[in-house]
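> Below you'll find the structure I mean.
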Amino acid sequence: MSFSATNFAQPRPVPVGIRSNEKSLSSDPFRFRFRGSPSFLGSPHSLRFNPTPPLKLAIPHCRRSTAAAVTDVKSSANMLITKEEGLELYEDMILGRFFEDMCAQMYYRGKMFGFVHLYNGQEAVSTGFIKLLKKEDTVVSTYRDHVHALSKGVPARAVMSELFGKATGCCRGQGGSMHMFSKEHNLIGGFAFIGEGIPVATGAAFSSKYRREVLKEASADHVTLAFFGDGTCNNGQFYECLNMAALWKLPIIFVVENNLWAIGMSHLRATSDPEIWKKGPAFGMAGVHVDGMDVLKVREVAKEAIERARRGDGPTLVECETYRFRGHSLADPDELRDPAEKARYAARDPISALKKYMIENKLANEQELKSIEKKIDEVLDDAVEFSDESPLPPRSQLLENVFADSKGFGIGPDGKYRCEDPKFTQGTAHV
Amino acid sequence: MLASFQHSKMLRAIRHKNILPAISAFRAFSSSAKEMTVREALNSALDEEMSADPKVFLMGEEVGEYQGAYKITKGLLDKYGPERVLDTPITEAGFTGIGVGAAYYGLRPVVEFMTFNFSMQAIDHIINSAAKSNYMSAGQISVPIVFRGPNGAAAGVGAQHSQCYAAWYASCPGLKVLSPYSSEDARGLLKAAIRDPDPVVFLENELLYGESFPVSAEVLDSSFCLPIGKAKIEREGKDVTITAFSKMVGYALKVGRILAKEGISAEVINLRSIRPLDRSTINASVRKTNRLVTVEEGFPQHGVGAEICTSVIEESFGYLDAPVERIAGADVPMPYAANLERMAVPQVEDIVRAAKRACYRSVPLAATA
């Protein structure tokens with residue numbers, strides 16, 4: 001599938017207050033088409049998710065946002081990316097894919113344990129968004145966070161050791177697969193609870209705005225990306241944060257990785273109105289739907305959203321239609337999903353798509369792409385070897401870092417007002 | 001910051017003064033006997049911390065234009081502006097998470113819950129994103145946030161507005177849980193909480209807000225802070241130890257005066273800090289008196305008293321001359337009717353009875369209506 005010229009819909013006010021099954025389905029282009037009778041409580045097989053045409057911009061009815069950016073791109077340059085950018089994107093997606101495949105291997109060999117949620121198939125979203133960020137920008141993720149960590153720049157060695165539970169991991173083995181934190185790369189989680197990362201991300205965006213306006217730090221224009229799935233979009237915290245982010249015009253982008261499935265719950269069975277991008281305008285922010293299997297389209301939408309946030313024009317809700325090729329986690333037998341659906345999305349593999357685009361547009365040749373793959377293979381072999389050889393955390397690490405204040409009492413590094421209970425500092429819990 | 005000699009002098013002065021509520025006929029005047037309500041104490045603490053550090057900001061429902069649901073944040077909106085005193089929508093989970101996210105980046109939010117009952121809507125963020133983050137990130141991300149608000153029973157507000165959350169929050173590693181009694185406690189502990197680099201749950205009491213306590217000049221100083229994790233011996237004694245926090249300290253002090261008339265000298269410990277619990281002070285006191293009565297307003301099972309009792313058994317079992325008496329609220333959701341509510345919360349008579357039982361002055365076990 002090559003990148004086709006954007007089927008650009010003119011910005012127009014979204015008709016507010018339309019309910020799902022009331023209007024005639026054929027006439028309204030914003031509605032999904034359902035084949036057969038829409039029996040929401042029945043088997044998901046009777047509902048076919050027919051994706052809408054790619055890029056649509058929904059403008060809240062009280063405001064017009066500048067959609068000009070995308071049309072400009074269409075008319076000016078022929079290529080959306082340069083060769084360097086293309087190779088960077090390709091390398092990042094290959095790293096994400098190979099890493100996750102390696103995780104599966106390691107899990108079945110017993111080196112990795114607990115919950116492991118893999119990202120295969122969704123690489124375009126991570127790469128498309130995160131590669132546009134500065135180092136100071138923040139990424140908040142969910143339990144499916146390995147590839148977000150890698151795209152943000154956390155070394156593969158650190159992520160792999162963390163998964164093995166070794167002391168050299170990015171969180172010294174204390175977080176695990178679902179809790180990747182890296183202060184240096186501004187990746188602040190890794191949250192296991194659905195929806196938990198969204199308010200935290202909104203807070204990070206709030207701190208950026210606070211620093212700029214109250215603390216008067218002129219360079220504080222950092223944006224925050226919050227990644228979460230379709231299941232989360234039915235959670236209360238999501239709506240609370242859409243409200244507050246729009247109310248206070250926070251520099252945040254809410255990125256919905258709509259892979260249609262929340263473990264075994266089909267998005268269509270769980271949601272009264274499955275079009276998530278429409279929930280943005282309901283709160284007064286721009287809502288965008290994009291084909292999440294195409295990294296270049298994601299990148300275009302991301303560029304506009306990030307620029308909007310950095311300018312101070314507030315949040316955006318981006319719904320990326322994507323798919324996970326593996327089950328929800330490595331423990332998921334993945335029996336409920338239709339093999340035909342899986343095959344359809346496998347044909348839209350983002351890595352193959354980018355490869356085809358780059359070769360057809362003479363941005364790179366097979367040789368160069370193969371050498372990238374080989375390089376990533378070596379990076380991963382090195383990461384696994386490093387993690388294997390790394391030590392387990394020492395026993396003393398059990399009681400460390402419960403508090404930032406290392407003795408657990410009082411205030412002040414100068415020792416004043418500090419109350420020293422000898423038992424606490426020596427850690428009498430017998431390990 | 002006070003110099004260390006002033007600091008120890010101050011602590012000694014505080015320890016030996018009996019801080020009694022409102023009017024007391026005879027007291028030694030150590031410095032200016034100024035009186036301050038708990039409300040004013042909290043307000044002044046917030047004011048001073050906000051002016052000292054621009055990263056401190058307040059958020060909560062009605063903290064701004066309404067001047068605070070209980071007027072704790074009165075005047076702060078006018079002084080610091082809407083960017084630092086945020087009126088939030090009614091979204092506890094959302095705004096608590098926003099506070100945590102801001103704290104990840106070094107800002108110092110003070111999140112107000114209108115009552116701690118509402119914190120249950122946000123408890124995921126208090127525990128999972130605030131308390132556990134420093135540990136999960138192996139020390140990379142600390143969360144210098146304060147969650148404050150009224151806790152425990154008020155008067156006639158019913159079951160959903162009356163629960164005490166001290167035991168729940170204090171069982172979670174990664175949180176510090178403080179509960180002040182007097183104005184001096186309120187000022188010192190809130191300032192310490194705001195300056196602390198870790199998440200602090202600050203449990204106030206609505207019925208104490210209006211109570212007035214004498215405060216010394218040291219307490220009024222803007223760098224006054226109380227250490228976290230240190231209890232205060234409000235009244236020294238040698239026959240029985242009574243531990244309490246928040247409003248129950250006032251009751252325990254009344255009990256102390258009543259028992260004194262009968263020849264029982266009670267030592268009253270104001271816990272101040274529920275987590276970390278000042279086990280050394282409690283144990284030292286029990287080793288001196290050999291009897292213990294724990295008092296709390298919350299539900300009895302798995303409560304603060306249960307933890308104190310176990311700590312004493314683990315460390316000072318040989319010193320106990322009588323079983324530990326545990327006074328707690330009744331094991332029922334709080335009723336509304338005034339007479340039932342009175343029975344559901346510890347009263348001075350209940351504590352007196354328990355202390356006498358601990359001292360083997362035969363008193364029947366069950367309370368009568």
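> Give segment B:257-271 a look and list any residue that's of a type outside the set (Val, Ile, Thr), assigned to a loop (DSSP other than H, G, I, E, B) and surrounded by fewer than 24 Cβ atoms within 10 Å (Cβ to Cβ), or say none.
Passing the criteria: B:262, B:263, B:265.
> Still on this model: How many residues does segment A:219-246 contain that are aromatic (Phe, Trp, Tyr) and either free of Cβ contacts under 8 Å to residues at least 60 places away in the same chain or open to solvent by 50 Å² or more (accessible area, probe 1.4 Å) (or both)?
2
> Residues A:278, A:209, A:249, A:216: which one is open to solvent by 10 Å² or more (accessible area, probe 1.4 Å) and away from chain B (no Cβ under 13 Å)?
One residue alone meets the criteria, A:278.
> What residue, of B:268, B:293, is closer than 20 Å to residue B:184 by Cβ, out of contact with any Phe, Trp or Tyr (no Cβ under 7 Å at 6 or more places or on another chain) and not assigned by the TED database to the domain that holds residue B:153?
B:268
> Which ones in segment B:98-124 are outside any helix (DSSP H, G or I) and either in contact (Cβ under 8 Å) with a residue 12 or more places away in the chain or more than 7 Å from chain A (Cβ to nearest Cβ) (or both)?
Within segment B:98-124, B:106, B:107, B:108, B:109, B:110, B:111, B:112, B:113, B:114, B:115 meet the criteria.
> Right, another one. When you scan segment B:125-145, how many residues do you find that are more than 7 Å from chain A (Cβ to nearest Cβ), in a loop (DSSP other than H, G, I, E, B) and surrounded by 22 or more Cβ atoms within 10 Å (Cβ to Cβ)?
Number of matching residues: 3.
> Continuing with this model, one more query. Collect the residues in segment B:171-187 that are buried (at least 24 other Cβ atoms within 10 Å of the Cβ), more than 9 Å from every other protein chain (Cβ to nearest Cβ) and of a type outside the set (A, V, I, L, M), keeping them in residue-number order.
Those that are buried (at least 24 other Cβ atoms within 10 Å of the Cβ), more than 9 Å from every other protein chain (Cβ to nearest Cβ) and of a type outside the set (A, V, I, L, M): B:179, B:180, B:181, B:182, B:183, B:184, B:185, B:187.
> Of all helices (runs of 4 or more DSSP H) completely enclosed by segment A:208-305, which ones contain at least 2 residues that are of a type in the set (A, V, I, L, M) and at pLDDT 95 or above?
Result: A:236-247.
> Still on this structure, please answer the following. Give me the residue from segment B:49-78 that is out of contact with any helix residue (DSSP H, G or I) (no Cβ under 7 Å at 6 or more places or on another chain) and part of a helix (DSSP H, G or I) and, out of that set, most open to solvent (accessible area, probe 1.4 Å).
Step by step, filter segment B:49-78, then rank; the result is B:78.
> While we're here: Is there a residue being within 14 Å of another protein chain (Cβ to nearest Cβ) and surrounded by fewer than 23 Cβ atoms within 10 Å (Cβ to Cβ) anywhere in segment B:301-313?
Yes: segment B:301-313 contains one or more residues that are within 14 Å of another protein chain (Cβ to nearest Cβ) and surrounded by fewer than 23 Cβ atoms within 10 Å (Cβ to Cβ).
> Right, here's the next one. Is it true that some residue in segment A:321-331 is among the aliphatic types (A, V, I, L, M), under 20 Å from residue A:162 (Cβ atoms), open to solvent by 50 Å² or more (accessible area, probe 1.4 Å) and modelled with pLDDT under 95?
Yes, that holds for at least one residue.
> If I ask for residues that are touching a strand residue (DSSP E or B) at 6+ places or on another chain (Cβ under 6 Å) and touching a residue at least 24 places away in the same chain (Cβ under 8 Å), which ones from segment B:58-72 would you list?
B:58, B:59, B:60, B:63
> Does residue B:250 qualify as being more than 30 Å from residue B:104 (Cα to Cα), open to solvent by 10 Å² or more (accessible area, probe 1.4 Å), small (Gly, Ala, Ser) and not assigned by the TED database to the domain that holds residue B:114?
Considered against the rule, which asks whether it is more than 30 Å from residue B:104 (Cα to Cα), open to solvent by 10 Å² or more (accessible area, probe 1.4 Å), small (Gly, Ala, Ser) and not assigned by the TED database to the domain that holds residue B:114, residue B:250 comes out as yes.
> Pick from B:238, B:254: which is in a loop (DSSP other than H, G, I, E, B), away from chain A (no Cβ under 14 Å) and more than 18 Å from residue B:175 (Cα to Cα)?
Every option except B:238 fails the conditions.
> Which of the residues that make up segment A:262-309 are among the β-branched types (Val, Ile, Thr) and within 24 Å of residue A:132 (Cβ to Cβ)?
If the condition is that a residue be among the β-branched types (Val, Ile, Thr) and within 24 Å of residue A:132 (Cβ to Cβ), then A:276, A:288, A:290, A:295, A:298, A:301, A:306 are the ones that fit.
> Look through B:297, B:341 and report the one residue that is acidic (Asp, Glu) and assigned to a helix (DSSP H, G or I).
B:341
> Could you run through segment B:316-332 and say how many residues are open to solvent by 60 Å² or more (accessible area, probe 1.4 Å), in contact with a helix residue (DSSP H, G or I) (Cβ under 8 Å, 6 or more places away or on another chain) and part of a helix (DSSP H, G or I)?
Of the residues in that region, 1 qualify.
> Hey, among the residues in segment A:148-202 that are touching an Asp or Glu at 6+ places or on another chain (Cβ under 7 Å) and under 18 Å from residue A:130 (Cβ atoms), which one's surrounded by the fewest Cβ atoms within 10 Å (Cβ to Cβ)?
So, considering only residues that are touching an Asp or Glu at 6+ places or on another chain (Cβ under 7 Å) and under 18 Å from residue A:130 (Cβ atoms), the one surrounded by the fewest Cβ atoms within 10 Å (Cβ to Cβ) is A:186.
> Conditions first: (1) crowded, with 24+ Cβ neighbours inside 10 Å; (2) at positive phi. Residue A:287 passes all but one, so which condition is the exception?
The number of the failed condition is (2).
> Give me a count of the residues in segment A:119-143 that are within 27 Å of residue A:345 (Cβ to Cβ), of a type outside the set (Ser, Thr, Tyr) and open to solvent by less than 20 Å² (accessible area, probe 1.4 Å).
Number of matching residues: 11.
> Still on this model: I'd like to verify a number: residues in segment B:268-300 that are within 14 Å of another protein chain (Cβ to nearest Cβ) and more than 15 Å from residue B:245 (Cα to Cα), how many?
Residues in segment B:268-300 being within 14 Å of another protein chain (Cβ to nearest Cβ) and more than 15 Å from residue B:245 (Cα to Cα): 3 in total.
> So in segment B:67-97, with the set limited to residues that are over 25 Å from the mean Cα position of the chain (by Cα) and away from chain A (no Cβ under 12 Å), which one is nearest to residue A:244 (Cα to Cα)?
So, considering only residues that are over 25 Å from the mean Cα position of the chain (by Cα) and away from chain A (no Cβ under 12 Å), the one nearest to residue A:244 (Cα to Cα) is B:77.
> Then there's this: What is the number of the single condition among (1) of a type in the set (S, T, N, Q); (2) more than 22 Å from residue A:231 (Cβ to Cβ); (3) more than 14 Å from chain B (Cβ to nearest Cβ) that residue A:120 does not meet?
For residue A:120, the exception is condition (2).
> Report, by residue number, each residue of segment A:154-206 that is without any contact (Cβ under 8 Å) to a residue 24 or more places away in the chain, at the interface with chain B (Cβ under 7 Å from one of its Cβ atoms) and not in a loop (DSSP other than H, G, I, E, B).
Scanning segment A:154-206 gives A:181, A:203.
> While we're looking at this one, here's another question. For residue A:90, indicate whether it is surrounded by fewer than 18 Cβ atoms within 10 Å (Cβ to Cβ) and either at pLDDT 95 or above or among the hydroxyl-bearing types (Ser, Thr, Tyr) (or both).
Here the answer is no, as residue A:90 does not meet what is asked.
The values are calculated or read from the model by the stated rules, or taken from the named source; none is laboratory data. Note that the coordinates shown come from a computational prediction; the quantities given were computed from them, not determined experimentally. FYI the Cβ positions are ideal-geometry reconstructions off the backbone, even for glycines, and counts take in every protein chain you see. To get the accessible areas, we keep the full protein, side chains included, count just its heavy atoms, and leave off ligands, DNA and RNA. Shrake-Rupley method; radii C 1.70, N 1.55, O 1.52, S 1.80 Å.
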